[in-house]
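Worksheet: the structure to be examined is printed underneath.
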Amino acid sequence: MKLSIVEGVISTTSKGFGFIEDPENADKDIFIEVGNLNTALNGDTVKVKVHGTLSPKGKTGEVVEVVSRAKELFVGTVTLEKGAIVVVPDDKRMYVSISIPAKNTPTEVKNGDKVYLQLSPWTDPKQNPQGTILRVLGQKGINDVEMESIVLEKGFDTKFPAGVEKEAHEIEKRKQQSLDEELKTRRDMRSTLTLTIDPFDAKDFDDAISFVDHKDGTYEIGVHIADVSYYVTEGSALDKEAIHRGCSIYLVDRTIPMLPEILSNDVCSLNPGSDKLAFSAVFTMNDQGAVLKRWFGRTVINSAFRFTYETAQAVIDDKTSSDHEHAKVSNPVEGLKYRPELLKLNTIAKILQKEKFAKGAIEFEQDEIKFKLDAHGKPIGVYRKSRLDTHKLVEEYMLLANREVAKYISDEIIRKGHKHAASVYRIHDVPDKEKILDLSLFAKALGYDLHVGEKGVTVHALKSLIKQVEGTPHESLIKTATVRSMQKAIYSTKNIGHFGLAFEFYTHFTSPIRRYPDLLVHRILENHLKHNKFGDKEMAIFQHIADKSTQREISAAEAERASIKLKQVEYMADKVGKEFDGTISGVTEWGMYVEENESKSEGMIKLRDLSDDFYSFNKKTYSLIGQKTGKTYTLGGPVRFKVVAADLDKKVLDFVLVP
């Protein structure tokens, strides 16, 4: 029997049509034509009546009920239309503007202002929706206004509720008292050499590493994590806000923290030279990187020195000087006395890394593009942030702690006969076969081989592809395409392992200042260490938090990408008319996308602007081919282009080829 009414989540476009997945065929969508959305907005859960006839696009239908709204808070720009206030949403999937009744309009709002608004109930598709302005952000185009707009649009906020701030300040007032009380029951590791290694502009310090040489070929290496769960108690206003936020957001020019700064930058942060509460994973290891013993528990630590990644690298390389660019933050000359410890930590980290790759972990390492900003947030330059050995050093010990915590909970607790080995895992499923086949075709079009067997792709086949492209002009393109073809890592109470890292057990334990799942894992580990059992109710709560945290992580990543895209368009906006070298990053039937080689700013060269011939799109080879000349523009190919337009509102760039 064919379904006549289906329920699902709708996707809409700026042109006013939409799609909903066909429950009878997961590979197909039901197309909702313009005029048949009936007030449904992107992400809403809706009921759709499926039409009996088929269109060239397949099944069609119309929305007959909006079951629930996905979103009621929007950011947009005020325009005056015939004396009335209208807001054009930043969300390009919003196909209608929002009218603001006079009674819902703040007196200070002006034409061109960005505003944050609440959508009123909307049931009549013949009328535009109405809303109430909650906050006037300021004139569009101003850096702070645009950054706040990005954060709010993705469902986060730059401000904390008054009750949350009050709780944070109360905790700050009691921090010395808390330390004095906790010293009576915790493992005191203040005399153990402990160091932090972080970005030069870091303000919150989640983690520190301690080191003791036993002089017998074994070493005590401690991974100490800020004990946020001690301060942020379950059910508190701080806890509820942290669950809502899910994580911190790292925009181009600022951090939007998960916790108020008095906690994230002070009370919880493992700032050097201060006694701090930590939750620690302490390992006895040998020269081969094997874990001989492990201990988990609450500690008090005192970090002896703050390294930046760059100054720690200078010490390892023995290239220290007092005029190092980060000497004001962390002078490598002063840190030189810790060189033996850093060298041994680095040696063991390299062994851990080698073992990880030998077991099948995939390396997608790429340099990060960063913008130099002036005092007003305008991008005035671009540079590459290279990955140093010290980045990898810290990463390996954090991976070790995350893996061993997950192993402890999953392995030993089960052996003790508990009903539930409750935890929140960081899992990464095997790649989707269809996406991998697309990747294989994509790689083949560029001259590379990715073998896909009947059971899908193996780790070794993916690693072979990555090795083939190393040092080639297509390296960045193939690595990016490979990452996009993989499943997304998510949080779950059901452990299936981590494909990309080749870990059977993995969780997030090491960043509770900036990720809620880590904070939750601290609580879970503490309960397991005390042999407390969990029931079905707790497991359901953990899964709900895992699902919500995954969604918040996705939204945070979208906000981060939006801030980068904004700066890329701003960077190129005053370069209209100038020529650059680029790489073809996408080919479609309407043109090709080109990525500028230095800033990675991407723009479109429209098919109609290729005036020297009539070009057609070849889907199999990802190329545009001239019918008369045979000239071919292929994915990954180099081009010289000129910037002709930069639209800051739409965040798009237009390029043309230079003959």
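The values are calculated or read from the model by the stated rules, or taken from the named source; none is laboratory data. Treat the numbers as computed from the prediction; the structure is a model and nothing was measured. All Cβ positions, even for glycine, are placed from backbone atoms using ideal geometry, and neighbour counts span all protein chains on display.
The table below lists the values:
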read-out	value
Members of the stretch 113-169 found to be closer than 14 Å to Arg254 by Cβ, touching a Gly at 6+ places or on another chain (Cβ under 8 Å) and in a loop (DSSP other than H, G, I, E, B), listed by number	none
Breaking point among (1) surrounded by fewer than 16 Cβ atoms within 10 Å (Cβ to Cβ); (2) within 30 Å of Glu596 (Cα to Cα); (3) free of Cβ contacts under 8 Å to residues at least 40 places away in the same chain, for Glu363	(3)
Flag for Leu519 being of a type in the set (A, V, I, L, M, F, W, C) and either surrounded by fewer than 23 Cβ atoms within 10 Å (Cβ to Cβ) or under 30 Å from Glu595 (Cα atoms) (or both)	no
Filter result (in contact with a Pro (Cβ under 7 Å, 6 or more places away or on another chain) and either more than 12 Å from Ile100 (Cβ to Cβ) or touching a residue at least 60 places away in the same chain (Cβ under 8 Å) (or both)) within the stretch 112-139	Trp122
Odd one out for Ser585, checked against (1) within 30 Å of Lys240 (Cα to Cα); (2) of a type in the set (Ser, Thr, Tyr); (3) assigned to a strand (DSSP E or B)	(1)
Among residues of the stretch 448-474, those that are without any contact (Cβ under 8 Å) to a residue 40 or more places away in the chain, in a helix (DSSP H, G or I) and surrounded by 13 or more Cβ atoms within 10 Å (Cβ to Cβ), counted	5
The stretch 29-58 - residue that is of a type in the set (A, V, I, L, M, F, W, C) and more than 35 Å from the chain's Cα centre (by Cα) and, of those, surrounded by the fewest Cβ atoms within 10 Å (Cβ to Cβ)	Leu54
Residue in the stretch 605-613 that is surrounded by fewer than 21 Cβ atoms within 10 Å (Cβ to Cβ), of a type outside the set (Ser, Thr, Tyr) and assigned to a strand (DSSP E or B) present	yes
Residue within the stretch 526-541 that is crowded, with 20+ Cβ neighbours inside 10 Å and in contact with a Phe, Trp or Tyr (Cβ under 7 Å, 6 or more places away or on another chain) present	no
Residue in the stretch 308-322 that is assigned by TED's automatic domain parsing to the domain that holds Arg254, out of contact with any Cys (no Cβ under 8 Å at 6 or more places or on another chain), part of a strand (DSSP E or B) and in contact (Cβ under 8 Å) with a residue 60 or more places away in the chain present	yes
Members of the stretch 276-307 found to be over 30 Å from Thr185 (Cβ atoms) and not in a loop (DSSP other than H, G, I, E, B), listed by number	Asn286, Phe307
Output for the stretch 464-489, where each listed residue is out of contact with any Pro (no Cβ under 8 Å at 6 or more places or on another chain) and of a type in the set (A, V, I, L, M, F, W, C)	Leu465, Ile466, Val469, Leu477, Ile478, Ala481, Val483, Ala489
Any hit, the stretch 188-209, residues being among the polar types (S, T, N, Q) and in a helix (DSSP H, G or I)	no
Residue in the stretch 490-530 that is farthest from Leu277 (Cα to Cα), counting only those that are of a type in the set (Gly, Ala, Ser) and at pLDDT 95 or above	Ser492
Residue ID - surrounded by the fewest Cβ atoms within 10 Å (Cβ to Cβ), chosen from residues in the stretch 621-659 that are modelled with pLDDT under 90 and farther than 20 Å from Thr472 by Cα	Pro659
Qualifying residue in the stretch 554-572 (condition: of a type in the set (S, T, N, Q), assigned to a helix (DSSP H, G or I), in contact with a Gly (Cβ under 7 Å, 6 or more places away or on another chain) and surrounded by fewer than 20 Cβ atoms within 10 Å (Cβ to Cβ))	yes
Unique residue being at pLDDT 95 or above, over 27 Å from Ile150 (Cα atoms) and of a type in the set (D, E, K, R) when the list is Glu241, Glu261, Glu220	Glu220
Selection count, the stretch 476-512, where residues are closer than 24 Å to Glu526 by Cα, in contact with a His (Cβ under 9 Å, 6 or more places away or on another chain) and in a loop (DSSP other than H, G, I, E, B)	8
Test result for Gly377, assigned to a loop (DSSP other than H, G, I, E, B), in contact with a Ser or Thr (Cβ under 9 Å, 6 or more places away or on another chain), of a type outside the set (Ser, Thr, Tyr) and on the phi > 0 side of the Ramachandran plot	no
Lone qualifier among Ser563, Ser611, Ser549 - being within 21 Å of Phe655 (Cβ to Cβ) and of a type outside the set (D, E, K, R)	Ser611
Test: Phe655 is of a type in the set (Phe, Trp, Tyr) and free of Cβ contacts under 8 Å to residues at least 60 places away in the same chain	no
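Listed here are the residues, each with its yes/no results for (1) assigned to a strand (DSSP E or B); (2) touching a helix residue (DSSP H, G or I) at 6+ places or on another chain (Cβ under 7 Å); (3) outside the structural domain of Val34 (by TED's automatic domain parsing).
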site	(1), (2), (3)
Val50	yes, no, no
Lys59	yes, no, no
Val64	yes, no, no
Thr79	yes, no, yes
Ile85	yes, no, yes
Val88	yes, no, yes
Val96	no, no, yes
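Yes/no matrix, rows are residues, columns are (1) touching a residue at least 60 places away in the same chain (Cβ under 8 Å); (2) closer than 21 Å to Ala559 by Cβ; (3) assigned to a loop (DSSP other than H, G, I, E, B):
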position: Ile221; (1), (2), (3): yes, no, no
position: His224; (1), (2), (3): yes, no, no
position: Thr233; (1), (2), (3): no, no, yes
position: Leu238; (1), (2), (3): yes, no, no
position: Ile243; (1), (2), (3): yes, yes, no
position: Val252; (1), (2), (3): yes, yes, yes
position: Leu259; (1), (2), (3): yes, yes, yes
position: Asn265; (1), (2), (3): yes, yes, no
position: Pro272; (1), (2), (3): yes, no, yes
